[in-house]
Structures are given as C-alpha cells and as structure tokens.
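S.K.: The structure's right below; bear with me while I get my questions together.
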Amino acid sequence: DPEDADARATALREANEEVALDPSSVTVLAELPKLWIPVSDFVVTPVLAWWHAPHPVHPCEPAEVAHVARLPIAELVDPENRVRVRHPSGWIGPAFAVRGMLVWGFTAGVLSTLLDLGGWSRPWAPGRMVELPPTGATPAPSAGTDEVDETPVR
C-alpha cells in the first residue's frame, strides 16, 4: 500500500491483516531478494522474521490464507512430505504435503529456498506431483500424488 514505509512495514501489515499477527511479537531479521510470481504477475519481497512472542493467530482473509500452522523444520525437510505441484497454467513448483495440508506457491518456494540455503534439505523425489484444481474448483480434502519420476534432488 502507498502508506507503507517499506517492504518490512508491508509484510507486517499484511501478516496482521491476514492472520492477526501482532507486529510487536516479531523481530524482522532480513529482507530477501525480490521475487516475481509468474502466476499472479506480482513482484514480492519476502521478509524473514523471528516470532519471539508467539500468540494465537488464525486466517482472517480466507481468500488468501486457508490455514495457519506451526510446523517443526524436521517435518518440512522429511522427504515423505516433499512434492511438486502443477498449476493449471502449467507452472510447476515446490510444495509440502504435511499434516493434511498442501503448502505451495510463494510460501513453499520461500520455505524450500530457505531450507536449501540453511543446509537442512534432504534428498527427495521430485516426481511426486500434485495437480492443482482449476481456479474455482473445490479442493480435494487431502493432497494426493501421482508418481512420475523418482530422481532425488537436493
């Protein structure tokens, strides 16, 4: 928004609007490089923060956030929880199928990159593909996978 001072202010405002995050409960650590999101044609600046005072949060904008969950890194790096998604546009990207949730898109891309850069990633099979439903379709209750290529990636 034009009244936001910078990317950090935007990230904190958005987190407050979308999940009721109290901006004073986090310490911003870094702004990551800007990313272009092909599906939406937005340029987004990821902001990394430490949540030093956790408090209850919940989806406030159902069109943007389906669910809020705290997950241990161990679950995100578990090869059994790593998949790729194919968007109806043809775009393919990283995803996490964990605890009945499918985390994909911008969030999964940032998480995947941070896990790689932190040296926490473990080899996984990128052939596990989840087809996303067309826009407006009712999502399946859980993320299924179609096995395609079992070549491990790191």
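S.K.: Provide the FRET efficiency to the nearest 0.05 for the Ala53-Met129 pair, computing r from the beta carbons and using R0 = 30 Å.
M.R.: The computed FRET efficiency comes out at 0.20.
S.K.: Taking all protein chains together and a probe of 1.4 Å, list Glu131, Glu14 from the most accessible to the least accessible.
M.R.: Most to least solvent-accessible, the answer reads Glu131, Glu14.
S.K.: What is the chain's relative contact order, in percent, from Cα pairs under 8 angstrom and six or more apart in sequence?
M.R.: 17
S.K.: Add +1 for every Lys or Arg and -1 for every Asp or Glu among the other residues with Cβ under 10 Å from the Cβ of Ala9, and state the total.
M.R.: -3
S.K.: Put +1 on the Cβ of each Lys and Arg and -1 on the Cβ of each Asp and Glu in the chain; which of Thr107, Leu35, Ala125 then has its Cα farthest toward the positive end of the dipole?
M.R.: Most positive-ward Cα: Ala125.
S.K.: Where does the chain land at 222 nm, in deg cm²/dmol rounded to the nearest 500, when only DSSP H runs of n ≥ 4 count, each adding -39500 (n - 2.57), divided by all residues?
M.R.: The per-residue figure over the chain is -6000 deg cm²/dmol.
S.K.: Please determine, in degrees from 0 to 90 and to the nearest 10, the orientation of helix 7-19 with respect to the longest principal axis defined by the Cα atoms of the chain, where the helix direction is its Cα long axis.
M.R.: Relative to the chain, helix 7-19 is tipped by roughly 70 degrees.
S.K.: Follow-up question, since we're still on this one. Measure nothing but the geometry: give the 0 to 90° angle between the long axis through the Cα atoms of 105-117 and the longest principal axis through the Cα atoms of the chain, rounded to 10°.
M.R.: 90
The values are calculated or read from the model by the stated rules, or taken from the named source; none is laboratory data. Keep in mind the model is a prediction, meaning the values are calculated, not measured. No Cβ is skipped: glycine too gets one built from the backbone with ideal geometry, and neighbour counts run over all protein chains shown. All accessible areas refer to the heavy atoms of the entire protein, side chains included, with ligands and DNA or RNA removed. Shrake-Rupley method; radii C 1.70, N 1.55, O 1.52, S 1.80 Å.
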